[in-house]
1. Only one of (1) in a strand (DSSP E or B); (2) under 16 Å from Thr13 (Cα atoms) fails for Gln138. Which number is that?
2. Which condition from (1) surrounded by fewer than 18 Cβ atoms within 10 Å (Cβ to Cβ); (2) out of contact with any strand residue (DSSP E or B) (no Cβ under 7 Å at 6 or more places or on another chain) is the one that Pro215 breaks?
3. Report, by residue number, each residue of region 141-156 that is at negative phi and free of Cβ contacts under 8 Å to residues at least 60 places away in the same chain.
4. Only one residue in Glu127, Glu140 is surrounded by fewer than 18 Cβ atoms within 10 Å (Cβ to Cβ) and charged (D, E, K, R), so which one is that?
5. Kindly list the number of the only condition in (1) of a type outside the set (S, T, N, Q); (2) surrounded by fewer than 18 Cβ atoms within 10 Å (Cβ to Cβ); (3) not in a helix (DSSP H, G or I) that fails for Arg164.
6. Failed condition for Val199, given (1) in contact with a Pro (Cβ under 6 Å, 6 or more places away or on another chain); (2) at pLDDT 95 or above, with all others met?
7. Looking for whichever is in contact (Cβ under 8 Å) with a residue 24 or more places away in the chain, in contact with a Leu (Cβ under 6 Å, 6 or more places away or on another chain) and more than 20 Å from Ala154 (Cα to Cα) here; the options are Ile113, Ile93. Which one fits?
Amino acid sequence: MTRAAAFFDLDKTILATSSALAFTRPFYRGGLISRSDVVRSAYAQFIFLASGADHDQMETMRRYMSSLVTGWDVAKVQEIVAETLDQIIDPAIYDEAMELLDEHRALGRDVIIISSSGTEVVEPIGERLGVDIAVGTQLEIVDGRYSGEILFYAYGEGKAQAMRDLAAERGYDLAQSFAYSDSITDLPMLEVVGYPTAVNPDAELRRTATERGWPILDFRRPVALRQRIPVERRRAAAVAGAGVAITAVALGLAWYVRHRR
């Protein structure tokens, strides 16, 4: 049997911030980056939130992040993300996005986050949100440290291919599935499903969505996740959350191996 899924970009779609750039200050306090890196990342965050990122800017970001993380201790990164996730990400969840996630769950659809941010950031956020699968950019790890090589960049056509591969693995009917994103760089992701929606779109995506008759949503209400989700549900998510990343890795292992090769 085929079934439908709902695929969500993360930044400016579910989060009112950039998930990767949001951790620059904790990384600075943890000794991973310099003060100048903080300034550059803050500027990039401002540009991203103000106008989005086109293809050239995303490629520049890819090269910059690849160079920046080379040699970082993976365990240290995971520790910093775990310790600071609530204070950084928790207040930046769009209430409207949470309503959408709940709606798709209620209709029996799997909810999947697919983001260009690294898996070390994307998976813990996915756990907090209770999604079924969280897919992020895969960085090569050698002897517990990032080598600087990007094994899979969850961007552009890469996102669309990941969606097709997941559909083949899990029996999703993409023609009956949904996708949400804010950026024209995610056009391949939106085109691969039957029901695309532009969320807080940049100028080019807004124009494209208007021309094609796609729904356009403008989210305006970031709320604290702990206020949005009842205590009982948060406790259940905390217990089940440990399995989210494991499930994502287990179900997508063959897919990741193919891309790594």
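The values are calculated or read from the model by the stated rules, or taken from the named source; none is laboratory data. Remember, predicted model here, so these are calculated numbers, not experimental data. Backbone-built Cβ (ideal geometry, glycine too); neighbour counts: all protein chains shown.
1. With (1) in a strand (DSSP E or B); (2) under 16 Å from Thr13 (Cα atoms) applied to Gln138, the lone miss is (2).
2. That leaves (2) as the condition not met.
3. Initial filter on region 141-156 (at negative phi): 141-142, 145-147, 149-155.
Passing the criteria: Val142, Ala154.
4. Details: Glu127 fails: surrounded by fewer than 18 Cβ atoms within 10 Å (Cβ to Cβ).
Of Glu127, Glu140, the one residue that is surrounded by fewer than 18 Cβ atoms within 10 Å (Cβ to Cβ) and charged (D, E, K, R) is Glu140.
5. Failing condition for Arg164: (3).
6. (1)
7. Numbers: Ile113 fails: more than 20 Å from Ala154 (Cα to Cα).
On inspection, the qualifying residue turns out to be Ile93.
Table: residues versus (1) of a type in the set (Val, Ile, Thr); (2) under 19 Å from Ser19 (Cα atoms); (3) surrounded by fewer than 22 Cβ atoms within 10 Å (Cβ to Cβ); (4) in contact with a strand residue (DSSP E or B) (Cβ under 8 Å, 6 or more places away or on another chain).
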position	(1), (2), (3), (4)
Ala97	no, yes, no, yes
Val131	yes, yes, no, yes
Gly144	no, no, yes, yes
Glu191	no, no, yes, no
